[in-house]
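Engineer: Mind having a look at this structure? Questions to follow.
The values are calculated or read from the model by the stated rules, or taken from the named source; none is laboratory data. The structure displayed is predicted, hence computed values, not measured ones. Every residue, glycine as well, gets a Cβ built from its backbone with ideal geometry; the counts of neighbours run over all protein chains shown. Each accessible area value is taken on the protein alone, full model and side chains, heavy atoms only, with ligands, DNA and RNA left out. Shrake-Rupley method; radii C 1.70, N 1.55, O 1.52, S 1.80 Å.
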Amino acid sequence: MPTSTMSRAASLLPRLLCLALAYAVLGRLSLWLAIPPGYAMAVYPPAGVALGALLTGGYRLWPGVALGSFLVNVLISWESAAGTSSASLALAACIAMGASLQAFAGAYLIRRFAGGTLALDSDRAIFRFFWFGAAIACLCSASVGISAMYALGVVPIGDLPGNWATWWIGDVLGVLTITPMMLVLFGRPREIWQSRRWNVLLPLVICLAAVVAAFSFIRHREEQKQFLEFSLEVERISQNLQNKLNSHTDAVSKIERLFASTPAVARGNFATFVERSIQSDRAITSLLWAPRITEKELTAFEQSVLHEGYVNFRLRESENGKLRPVKKRKDYFPITYIEPFRTGTLAFGYDMGSDQGRRSAIEAARDKGTITATAPLVLVTDKPDQYSVLLYAPVYVHGRPLDNSLQRTEAFQGVAASVLRMSEVIDTLLDQKEKKDVLIKFRDLSCPRGAGVFYDAIKQIDTRSLYQAKIHFGGRQYVLLAQPSKAYWASHVSWITWFTMIGGVLFTSLLGIYLLVVTAHTFNVEVLVAQRTSQLHDSEERLRAILANAAEGIITANPNGFIESANQSAEALFGYPRGSLFGRSILSLFPDHESESFLLDYMQEHRHHHESRARKEVLARKRNDQEIPLELAIGKVELGSQTLLVVILHDLSERKRVERLKSEFVAAVSHELRTPLTSIRGSLGLLVGGLGGSIPDKARGLLDMANDNAERLTILINDLLDFEKLEYGGMQFDLQATSLKHLVKKSVDANKGYAQKFSIAMCFEPDTTQDVMVNVDQQRFIQVLSNLLSNAIKFSRKGGQVEIAIALDNDWARVSVIDHGIGMSLQFQNSIFQKFMQEDAKAARKYAGTGLGLSLSKTMMEKMHGRIGFRSTEGVGSVFYIELPVEVS
């Protein structure tokens, strides 16, 4: 080989390596601009580097482009889930060939059609440069790369157009943005390109940096938004899963109650009792009853089952996968009742105490007196990777003390159990869309990593978008892992991120073209002036529209306090016609001395401080001399040589009215009711206690009722004074299972005296009313119902009647209070449960009240897991009802 050739090759090799390294590094950094979860990019800067290198260094640099592209794509394949393979290497080679062909074709077309000198000193040359170098040449890499991906099965045919367009756009924007920078740094002739260094390169770098910063900010915000949306979705799924598991706990609890409350449960009764639970939930494989049998009771127990007709029944245990008779132990837990029962089932008669894991769970349930789950286990009838859990509920002898583990052990008579296939729990929980969008992994945390996995749809964990939720069930802790699927990302594409990058880079590219034109020709002053004038006009119009339509009053004044402008809200606030505030002194709008002093002090003390701000509550005077409270914010702005006072006004009338009403109400209750009521209660208490001498039986009954109601009224007043405490969870509720009919009768009896005062008959028929148990705080329930009764009595017509009825609807009990009084207007019905609300119209004003009763009742019912509602027709009457879930015994 000639010495000159070797010398040229030696000098070329470092340049090739430098180009390959620059291409590879920039390509790897470009992945940071990718839109998750894939590697799709709105701009690909290495395409611009490759074209710029071949334009400034010659066609011989194309191997450097190929090597750099190959390295980038091998690195992407290595970092992805697929890893490197022969197919991925072949794909990287094909993409590298397309990238080098694109750079070669672009350089040739530019030299052929845009001028061999690359001076780009005319509009025509600049247009042809970007047309042939970007739009035309970039067809090569996209076409070769997408074809190779399709041939190797990486991209399905339906995704070809979209992927091809994204690839082409990314390369075009990379060329438009980066190639001008390469020419500024290395292009010839140097005298032209060097003169463009500060006018082209610096603005492009700054603009591109701003675009990348904006893209990073928006992408980060969008990712947070997407993850928050996904987290809320998974949080809902995890809560539903917790509720689902809790419902399974309820199922086994019902069986425990059955055996605890019934001395002897027949096999048929057990089957009937659990039939609905099994049919309604396919995750429940079976429901069991396993009594505790001591060694002495073993023979008698087996004989009793044999007498039921189960031939050859014996207690069995598992050893090496086979069933055999049980060994001697102090006690056994044979599966005696099992539903659904199938002839020949292996579980019938199986001693669960023979398995150490199940025995430990049974003993834990026995000692703690709680429902306990076993570790994940594989049933004989299931696949090796299909885990289930056994849920044990201890059953004790009814009436025995259970204060400590020793007492519970002595009273222990067996366990009620359910077998749950946990994968079915997840399967029945998720709908088709959730299964498509959310990848879930559910496992037992107490098991070693990789074991105890009930459900696993996550092939590879992505920690960037992984959500974890802890689930507690049967005394064990589980974890729910979830991450978005490809389908989720496909339906949650962050278009704003795409538009930000494409729009920003396109703007940068156009700026580069524009700057090239400006440095080659005379700057067009008229166009720039027109553009800036239009922008200024738009800005002024926009500001004017904002001020005119602002909800708050805005006034501008000169430093001496004379009004120069006021928006419509300010004029409406003071009651002045349009434009009539102009020229007035701003001090004339604020009558009191304190407000006037505040404005004067601000104008004098801050005359030369344009950045100062002040805020104060003041009194203002409307045009009709009515005073209104305002929150006033004042500041100064400098517009050229002009200084303006900017005053923003916020009307406080409504807030002050509400505060005044609340303050007056609380003061009235505190000072006018509590003190006399305390005296009344004391006097009644002394009479009931016998201090006033012997009292006839009828009078004693009335005194007892009066004393009870006085005490209840004291509690009500205290609740009114502590309404804020109720809203923020400070009030305690003692929920107990109670007869609903008893509570309603007690409330009706307590309000009969009040009804007689209004000549109102109260109709409630306890003898023909069905009774149910509800879980409530008795005092709070009576308080709520008494409030509804007193309202019905108050608003009924004299001589009328109020009806009280109890009805059942599935698992809910409804207590209705029906009156035939004045009813409510439709306007008032929308705000009836708000605090301090009373209807102002018609005869309703003559009935005194705080406006707190219904709001307080609604909050109390919600605290007791109930609800309150009403129906009303003005002039006809109203029906108020409260609903509570029925307690299942």
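Engineer: Which of the listed residues, N791, V802, N775, is farthest toward the dipole's positive end in segment 762-806, when Lys, Arg count +1 and Asp, Glu count -1 at the beta-carbon?
Structural biologist: Farthest towards the positive end: N791.
Engineer: Another question, then. Check each of the GluC sites (Glu not before Pro) in segment 292-338 and keep only those in coil by DSSP with at most 16 other C-beta atoms within 10 angstrom; list them in order.
Structural biologist: E295, E297, E308
Engineer: Mind putting a number on the dipole of segment 232-355 about its Cα centre? Charges go on the C-beta only, +1 for Lys and Arg and -1 for Asp and Glu, and I need it in Debye to the nearest 20.
Structural biologist: Dipole about the Cα centre, nearest 20: 280 debye.
Engineer: A further question on this structure: Determine the dipole magnitude for segment 318-440: charges of +1 sit on the beta-carbon of Lys and Arg, -1 on that of Asp and Glu, nothing else is charged, the reference point is the Cα centre, and the result goes in debye to the nearest 20.
Structural biologist: Its charge dipole is roughly 460 debye.
Engineer: Taking a probe of 1.4 angstrom, what is the accessible area of R657 in Å², to the nearest 10?
Structural biologist: 100
Engineer: Leaving out ligands, DNA and RNA, and with a 1.4 Å probe, what % of the accessible surface on segment 195-341 is carbon or sulfur?
Structural biologist: 54
Engineer: Next question. I need the trypsin sites (Lys or Arg not before Pro) found in segment 770-809, filtered to DSSP loop residues with at most 12 other beta carbons within 10 Å of theirs.
Structural biologist: Listed in order of number, the matching sites are K798.
Engineer: Can I ask one more? So how do C207, C18 rank on accessible area, 1.4 Å probe, biggest first, that is with the largest at the start?
Structural biologist: Largest accessible area first, the residues go C18, C207.
Engineer: In terms of solvent-accessible area of protein heavy atoms at a 1.4 angstrom probe, what is the ranking of S261, S786, highest value first?
Structural biologist: Reading off the accessible areas and sorting them downward yields S261, S786.
Engineer: Taking segment 360-452, which GluC sites (Glu not before Pro) meet the DSSP loop condition and have no more than 16 other C-beta atoms within 10 Å?
Structural biologist: none
Engineer: Let me ask something additional. Round to the nearest 10 and report in Å² the accessible area of L600, as given by a 1.4 Å probe over the protein chains' heavy atoms.
Structural biologist: Roll a 1.4 Å probe over it and L600 shows about 60 Å².
Engineer: What are the equivalent ellipsoid semi-axes of segment 292-340, built from the alpha-carbon gyration tensor (square roots of five times its eigenvalues), in whole angstrom, biggest first?
Structural biologist: 17, 15, 11
Engineer: Between segment 856-884 and segment 198-242, how far is it from one alpha carbon centroid to the other, in angstrom?
Structural biologist: Answer, in whole Å: 47.
Engineer: Considering only L241, P291, H220, whose Cα is most displaced toward the positive end of the charge dipole of segment 206-319, charges sitting on Cβ of Lys, Arg (+1) and Asp, Glu (-1)?
Structural biologist: With unit charges placed on the Cβ atoms, the residue in question is H220.
Engineer: Just name one of V200, S100, S143: the one whose Cα is farthest towards the positive end of the charge dipole of segment 82-208 (beta-carbon charges, Lys/Arg +1, Asp/Glu -1).
Structural biologist: V200
Engineer: Which entries of K254/K441; K244/K459; K757/K858; K752/K798 show an alpha-carbon separation above 20 angstrom in the structure shown?
Structural biologist: Violating the 20 Å limit, Cα to Cα: K254/K441; K244/K459; K757/K858.
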